[in-house]
Amino acid sequence: MQDKLEVVVYGADWCPDCLRVKNILEKHKIDYRYHDVDKDKKMEKEMLALTDNHYTIPTLKIDGQIMQDPDNSVLLSALKLPSDLLSTHEVIMIGGGPASLAAAIYTTREDIETVIFERGVVGGLAAVTDKIDNYPGFPDGIEGLTLADNLQQQAQRFGAVIELGEVNKINDEGKYKRLETSSGDYYAKAVLIATGSDYKKIGVPGEKEYYAKGVHYCATCDGAFYRDKRLVVVGGGNSAVQEAIFLTRFASHIDILVRGESFRASEVLQKELESKFKNKISVHFNTTTDEIVGDGDQVVKVVGTDKVANAKVEFPTDGVFVFVGLSPNSQFLKESAIKLDELGFVITNNRLETSMKGVFAAGDIRSGATMQIASASGEGATAALMIREYLEGKHHPVQN
């Protein structure tokens, strides 16, 4: 009999990855103690003492072993959980964002047995977006986490099953596709790839070294660590402005560094920043980010170049949030027969089918996608209808 594990979780109620970890523990009926480091400063100090002052949640202590924000495969291994038995399904959807959740609503309503594989947070980047103002049907906007929760509940109400795990490869074995996952091999008659995209890195000295020690990519995940502190936001698009506005809830002052001579963000966001937040946010156009400097434990400043004056500039700061765009989550497809474009996005025909028969793609991972939550949901619905036709034998030749 397996000895009972001692598990302690340090997290916060607003942290999606903390919810992911708690869901895994509860699914497998593993007892654990939970400490909210946002509400209890004593617990925050206790966590930092265990992690050499690394501000990353969730932090776990499993029988004395410390790990921070582990992916599902690492966590399952630490919990000494056995791999699942061989599993065969009608449809497996890879990624738990709006595209696959919308698709699952359609497939399960038609009694097509559907499993969604998600390696991180259900809802994808939508779940960690503070507020979504352009999703149809919500005149006052909606919090990203709320929208993601609503989509998840709706899909599960019709019977969709969400598995927490990572798909590493898709193999074409005729009638079935074999998916190599962190929980063993799974088989499916049809597959939907909806893995979305992830935050791009700027690749400057100090970015990697100070990740989680002052460098972050998610304001809703880590912003609360910076109450009454100075921050630097890097980027000039919609996400940079949106997240900077969100960070004003915590920070005393924010410097936004924009490479270009103007924002690429929408006029609506620019006007909101100017009218409501100009006393708390300073914008620096024509300014590059050259280096993130720390004292060994924490970020202390950002060094950049004023391109107009051709002079080095420095911005004292307690943290840096980088929002410079997205890259496709398609690494697991690099060695498969599924064709990708030059940027790594999945190529599909007009029926959303990939170069592998029976495998479809929708949402931000698809070449030509508009990178909008509303269109990802629409593509998910379309993909579900195409999958139904495929399962009924109404297959259309793949257009390469």
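Just a few scattered comments:
- Looking at segment 139-190, the trypsin sites (Lys or Arg not before Pro) that sit in a DSSP loop and have at most 14 other Cβ atoms within 10 Å of their own Cβ are 175.
- Under 5 Å, built H, 5+ apart or other chain: amide partners of residue 181: 168, 186
- Neighbourhood charge, 10 Å Cβ-Cβ cut-off, centred on residue 7 and excluding it, Lys, Arg +1 and Asp, Glu -1: 0
- Label sites at residue 63 and residue 312, each approximated as a point 7 angstrom past Cα along Cα to Cβ, lie 5.0 nm apart.
- Residues whose amide H falls under 5 Å from that of residue 143, counting only those 5 or more places apart or on a different chain, are 132, with hydrogens built in the peptide plane.
- Applying the Karplus relation 6.51 cos²θ - 1.76 cosθ + 1.60 with θ = phi - 60° to segment 315-326 yields 3J(HN,Hα) values of 10, x, 7, 9, x, 10, 10, 9, 9, 10, x, 10 Hz, where x marks Gly and Pro.
- Above-threshold pairs, the threshold being 26 Å between Cα atoms, out of 4/41; 45/213; 29/213: 4/41; 29/213
- For segment 18-174: rounded, prolate or oblate by the Cα gyration tensor [a/c cutoff 1.5]: oblate
- Charged neighbours of residue 109, selected by a Cβ distance under 11 Å, balance to 0 (K, R count +1; D, E count -1).
- The phi torsions of segment 362-373, fed into the Karplus equation with coefficients 6.51, -1.76 and 1.60 and a -60° offset, translate into couplings of 8, x, 5, 6, 7, 4, x, 5, 8, 6, 10, 5 Hz, rounded to whole numbers, with Gly and Pro shown as x.
- Using C-alpha pairs below 8 Å separated by at least 6 residues, the relative contact order for the chain is 16 percent.
- In angstrom, the C-alpha Rg and Dmax of segment 327-400 are 11.9, 34.
- Full extension of the chain segment joining residue 350 with residue 81 gains 92.7 nm, where the gain is 0.36 nm per residue of separation less the Cα-Cα distance.
- Placing pseudo-labels 7 Å out from each Cα toward the beta carbon at residue 279 and residue 13 gives an inter-label distance of 2.9 nm.
- Percentage, to the nearest whole number, of Cα pairs in segment 215-322 over 18 Å apart: 44
- 14 Å tail of the calculated P(r), segment 18-102, as % of Cα pairs: 72
- Relative contact order for segment 7-78, counting Cα pairs under 8 Å that sit 6 or more residues apart, in percent: 37
- Spherically averaged projected area in nm², based on the convex hull that wraps the Cα atoms of segment 200-277: 5.3
- GluC sites (Glu not before Pro) restricted to segment 275-354 and DSSP loop, no more than 12 other C-beta within 10 Å: 335, 342
- When the GluC sites (Glu not before Pro) in segment 100-130 are filtered for DSSP coil states and for at most 14 other beta-carbon atoms within 10 Å of their beta-carbon, the remaining sites are 110.
- Environment charge at residue 176 (Cβ cut-off 12 Å; Lys +1, Arg +1, Asp -1, Glu -1): +1
- Net charge dipole, the chain: roughly 300 debye, given to the nearest 20, about the Cα centre with Cβ charges of +1 for Lys and Arg and -1 for Asp and Glu.
- Helical runs (DSSP H, four residues minimum) scored at -39500 (n - 2.57) apiece and divided by the length of the chain put the mean residue ellipticity at 222 nm at -7500 deg cm²/dmol.
- Across the chain, the volume of the C-alpha convex hull divided among the residues equals 152 Å³ per residue.
- Total charge dipole magnitude, segment 7-78, about the Cα centre, Cβ charges on Lys, Arg, Asp, Glu only, Debye to nearest 20: 180
- Note on the chain: dipole from Cβ charges, positive end direction compared against 171, 51, 355; the farthest Cα belongs to 355.
- Separation in nanometres of the label points that stand 7 Å from Cα toward Cβ, at residue 327 and residue 180: 2.2
- Note, ³J(HN,Hα) from phi for segment 109-116, Karplus 6.51, -1.76, 1.60, rounded to Hz, x at Gly and Pro: 5, 9, 6, 8, 4, 9, 10, 10
- Other-chain or far-sequence residues with amide H under 5 Å of residue 89's (modelled H): 187, 188, 189
- Quarter the surface of the alpha carbon convex hull of segment 272-312 and you get the mean projected area, 4.1 square nanometres.
- Prolate/oblate/rounded label for segment 108-179 (Cα gyration tensor, a/c 1.5): prolate
- Binning the alpha carbon pair distances of segment 98-247 at 10 angstrom intervals from zero yields the distribution 9, 31, 31, 21, 8, 1, expressed in whole percent.
- Rounded to the nearest 20, the size of the Cβ-charge dipole of segment 323-377 about its Cα centre is 160 debye, with Lys and Arg at +1 and Asp and Glu at -1.
- Dipole of the chain, positive end: most advanced residue of 122, 294, 60 [Cβ charges, Cα centre]: 122
- In straight-distance terms, cross-link reach from residue 169 covers every one of the aspartates and glutamates whose alpha-carbon lies under 12 Å from its own, apart from those fewer than eight places away in the same chain; here that gives 180, 185, 335.
None of the figures in this text is laboratory data; all of them are computed from the coordinates on show. Remember, predicted model here, so these are calculated numbers, not experimental data. Glycine also receives a Cβ, built like all others from the backbone with ideal geometry; neighbour counts cover every protein chain displayed.
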